[in-house]
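Down below is the structure, laid out as structure tokens.
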Amino acid sequence: MTAEEYMKIAVEEAEKGMGFVNPNPMVGAVIVKNDKIISKDYHHKYGEPHAERNAIENCKEDMTGAELYVTLEPCCHQGQTPPCTDIIIESGIKKVYIGSDDPNPLVAGKGIEILRSHEIEVVTGVLKEECDKLNKPFFHYITHGTPYVVMKYAMTADGKIASYTGESKWISNELSRKDVQKSRLRYSGIMVGINTVLEDDPRLTCRLENGRNPYRIICDSSLRIPLNCGIIQSARKIPTIMACTEKSGVKKPKFFERMGVEVICTSSDQGHVNLKELMKKLGEKNIDSILLEGGSELNFSALEKGIVNRIQAYISPKILGGGTASSPVCGMGFNSPDNAVKLSNPKITRFDDDVLLEWEVL
């Protein structure tokens, strides 16, 4: 097998940790000796040992002279777990293939330097593009300190997210909706506006078997959310954050906190939650990524404030029509095509007759 083929297996291992390692990156490791895989593993959960340590400690064979394939540069600092470089050096491994460089200032080339200083050969950039794709949210979070935000919506072929009566179930098909559940698992938080809660009373949970519920983040400037809604009633079991403005009052936030809801106050941005300030505060809480499932007004505000990094648009082969039917992004809008939000690197995926279009936001 080639180095790229072994790294592909390491990528597959890394993906097993999706949704459980945040705000750490997903990492997979494969140990090879005499052209045979003698161990492979991944980073299972935040706070637990990293992929390299798991693969080495679970290896039943002599690793002297072996090769290690790892999707991300090994860490070299003491965090919640010991440095991975230490155990690699102690193992007898003599060559390390690395997919992605780690932008974390605590690592950022230092892991590679330490391995080489102990006469371990290091090859970098193996299957780099695939390894980088694994951890786009981590790379953004570690360099900016704010969550990586993915705006998701489902719409008809004529750009409607609901009929003129407000009916929206279901625009997309079952396969598309299942894919959304995978995104709810992958990202740390899911964010909506208060209007979505008032209209739909959603639970905003991950419905995959053995999944993990994301933080539920509700933008509610004046804390209008009903106490009997599903989100408030389940807040003691599922982490829930209400984002309001400092003008919402002092007693109300304390009341919600007694219900199990964490309240984050921001300054007022034209009467609404200051989204940039909110992102900074969420980043400080180790929320590294957010799936934005907001309504059309919140979507526009998020784009206008520049907090969105990626778009996921599920397009259904249906035509609804209607001049008053909602589209994914409303608000004030931008005054010309030249001033519109620009997108790049389109990706197309089919879910039966539905099409998922994804772009990066420039």
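The values are calculated or read from the model by the stated rules, or taken from the named source; none is laboratory data. Values in this document were obtained by computation on a predicted structure and should not be read as measured data. A quick note on method: Cβ atoms are made from the backbone with ideal geometry, for glycine too, and the neighbour counts reach across all protein chains shown. These accessible areas exclude ligands, DNA and RNA; they are computed on the full protein's heavy atoms, side chains included. Shrake-Rupley method; radii C 1.70, N 1.55, O 1.52, S 1.80 Å.
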> So, counting K/R as plus one and D/E as minus one, what does the shell of residues with Cβ under 11 Å around N274 add up to?
Replying inline: +1
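Determine the order of Y164, Y187 by accessible area, beginning with the largest, at a probe radius of 1.4 Å.
Highest to lowest solvent-accessible surface, that is Y164, Y187.
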>> Quick check on my link table: of K254/K276; K133/K276; K16/K182, which ones sit more than 19 Å apart, alpha carbon to alpha carbon?
In response: K254/K276; K133/K276
> All other residues with a Cβ under 12 Å from the Cβ of V11 taken together, and with Lys, Arg as +1 and Asp, Glu as -1, what is their net charge?
Replying inline: -3
> Across the range 332-348, in residue order, what do the Karplus-derived ³J(HN,Hα) couplings come to in whole Hz, using 6.51 cos²θ - 1.76 cosθ + 1.60 with θ = phi - 60° and x for Gly and Pro?
Replying inline: 5, x, 9, 7, 6, x, 5, 9, 5, 5, 9, 10, 8, 6, x, 9, 10
>> Just to confirm, what accessible area per residue do you get for the range 85-159 at 1.4 Å probe, in whole Å²?
In response: 44
> Carbon and sulfur: what percent of the chain's accessible surface (1.4 Å probe)?
Replying inline: 49
> Considering only T143, V70, C131, whose Cα is most displaced toward the positive end of the charge dipole of the range 65-175, charges sitting on Cβ of Lys, Arg (+1) and Asp, Glu (-1)?
Replying inline: T143
> Could you sort R236, R216, R177 by accessible area so the largest value comes first, with the probe set to 1.4 Å?
Replying inline: R236, R177, R216
>> Checking the cross-link filter: which aspartates and glutamates have an alpha carbon closer than 15 Å to that of K237, excluding same-chain neighbours under 8 positions apart?
In response: E257, E262
>> Pairs of alpha-carbon atoms within less than 8 angstrom and 6+ residues apart define the contacts here; what relative contact order does the chain have, in percent?
In response: 16
>> Apply the a/c threshold of 1.5 to the C-alpha gyration tensor of the range 45-130 and tell me whether it is rounded, prolate or oblate.
In response: rounded
> Mind checking the angle between helix 275-284 and the chain's longest principal axis? C-alpha axes, 0 to 90 degrees, to the nearest 10.
Replying inline: 40
> Cβ under 9 Å from I87's Cβ, I87 left aside: what net charge do those residues give with Lys, Arg +1 and Asp, Glu -1?
Replying inline: -3
> Given the pairs K169/K342; K36/K95; K152/K178; K8/K152, which are separated by over 25 angstrom at their Cα positions?
Replying inline: K169/K342; K8/K152
>> With a 1.4 Å probe and all protein chains kept in place, how much accessible area does H50 have, in Å² rounded to the nearest 10?
In response: 50
> Where does the longest stretch of the chain lie that holds no GluC sites (Glu not before Pro) found in a DSSP loop with 13 or fewer other Cβ atoms within 10 Å?
Replying inline: 210-362
> Relative to the longest principal axis of the chain, what angle (0 to 90°, nearest 10) does the C-alpha long axis of helix 174-186 take?
Replying inline: 60
